[in-house]
Amino acid sequence: MVRIVGFFAGLAFVSALLVAFVMPREKVEETAAQYVHEHREEKKISFSFDNPVWGKYDRQQLQRGFQVYKEVCSACHSLKHVAFRDLEEIGFTKPEVKAIAKQWSTEVPSINEQTGEPATRKAIPSDYFPSPFANDTAARVANNNALPPDLSDIAKAREGGPHYTHDLLTSYQEQPADLVKKFPDIKTPETLHYNPAFANLNIAMPPPLAADDQVAYADGTKATIDQMATDVSAFLMWTAEPKLENRHRTGIAVVIFLLIATALAYGSYQNIWRDKKH
């Protein structure tokens, strides 16, 4: 009796699978984001560190990128995993780093030694970059309830890394009329901004790079929107992976070592078995 019940239960299960296989699927509703991302050509840009073997950072570009972060991005975005003294790795001298820390617009939380009460002080090179807001609540209040992400590791946290960052910064535009016509319910709200590089097309962050010459580069480079986006994207790649060049050098050394070891092992094999009969 149990076998008969089991047989019919199995038959019913197999029948249900066959019905599900042959029945026509419901068409998945196309979304505006899906439509835009499928029909949009992503912007391509080349960075000096893209090569997985020989890639290295352009120190001058990193310093320009830091200037863009300092003058544009730092008003909303923190860099909590980077210390001021780390800037020496991209070419700033110790006196320059000390001056950058001392002149930073946001002071560092501290304790008054005399009263024991919370206080603030000027930053020193060993301090990490302070957040522009006291806490997440203050950040949301200042940004229409949106929480600006920390940028320390953003280049590694987003698919595409610095290429995505550059694409996002340079893709702000008016929402196309034909897109609204095709998808009437997706008109960008007044509190958001249309950006086809963003996952759902509407982003809370206003265009941070709104015009050319928004910063004045010390080395005389023309500060176009594309140039500023490229430089700050490279800088944020460095903050996320400051040891990239060391990793590349180590990889090259390991490959050379393995090649030499392989040649020596093969030579030893030939020498040991040279007079042996197979």
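All of the numbers you see were taken from the coordinates with simple rules; none came from a lab. Predicted model only: the values in this text are computed from it and were never measured. With ideal geometry, Cβ positions are generated from the backbone for all residues, glycine too; neighbour counts draw on all protein chains shown.
How high is the relative contact order of the chain, in percent, with contacts defined as C-alpha pairs under 8 Å that are six or more residues apart? Please list the in-between numbers first.
Values: 301 pairs, mean separation 62.4, N = 278.
Relative contact order of the chain: 22 percent.
Of Lys181/Lys222; Lys56/Lys94; Lys122/Lys243; Lys56/Lys122; Lys56/Lys187; Lys98/Lys156, which ones are farther than 31 Å apart at the Cα?
Going by Cα-Cα distance, Lys181/Lys222; Lys56/Lys122; Lys56/Lys187 fall outside the 31 Å limit.
Dipole of region 148-273 (Lys/Arg Cβ +1, Asp/Glu Cβ -1, origin at the Cα centre): which of Met205, Pro242, Val180 lies farthest to the positive side?
Among Met205, Pro242, Val180, the one farthest towards the positive end of the dipole of region 148-273 is Pro242.
So if we plug the beta-carbon distance of Tyr269 and Gln60 into 1/(1 + (r/R0)^6) with R0 = 51 Å, what FRET efficiency do we get, rounded to 0.05?
0.55
Report the full-extension gain for the segment Lys44 to Glu245: residue separation times 0.36 nm, less the Cα-Cα distance, to one decimal in nm.
That pair, Lys44 and Glu245, stretches by 70.1 nm at full extension.
Tell me, how many Å apart are the Cα centres for region 112-158 and for region 27-75?
Each part reduced to its Cα centre gives a spacing of 24 Å.
When the chain is treated as a GNM, springs tying every alpha-carbon pair under 10 Å, which of Lys94, Lys80, Lys182 comes out with the largest mean-square fluctuation?
Lys182
Looking at (1) 373; (2) 105; (3) 189, which value of volume of the Cα convex hull per residue in Å³ comes from a calculation on the structure shown?
Computed from these coordinates, volume of the Cα convex hull per residue in Å³ corresponds to label (1).
Please report the relative contact order for region 35-130, taking Cα pairs under 8 Å with a sequence separation of at least 6, and give it as a percent rounded to a whole number. Walk me through the numbers on the way to the answer.
On the way: 91 pairs, mean separation 24.2, N = 96.
Reported relative contact order: 25 percent.
Could you calculate the contour length gain from Ile256 to Glu190, that is, 0.36 nm times the residue separation minus the distance between their Cα atoms, to one decimal place in nm?
Between Ile256 and Glu190, full extension yields an extra 18.0 nm.
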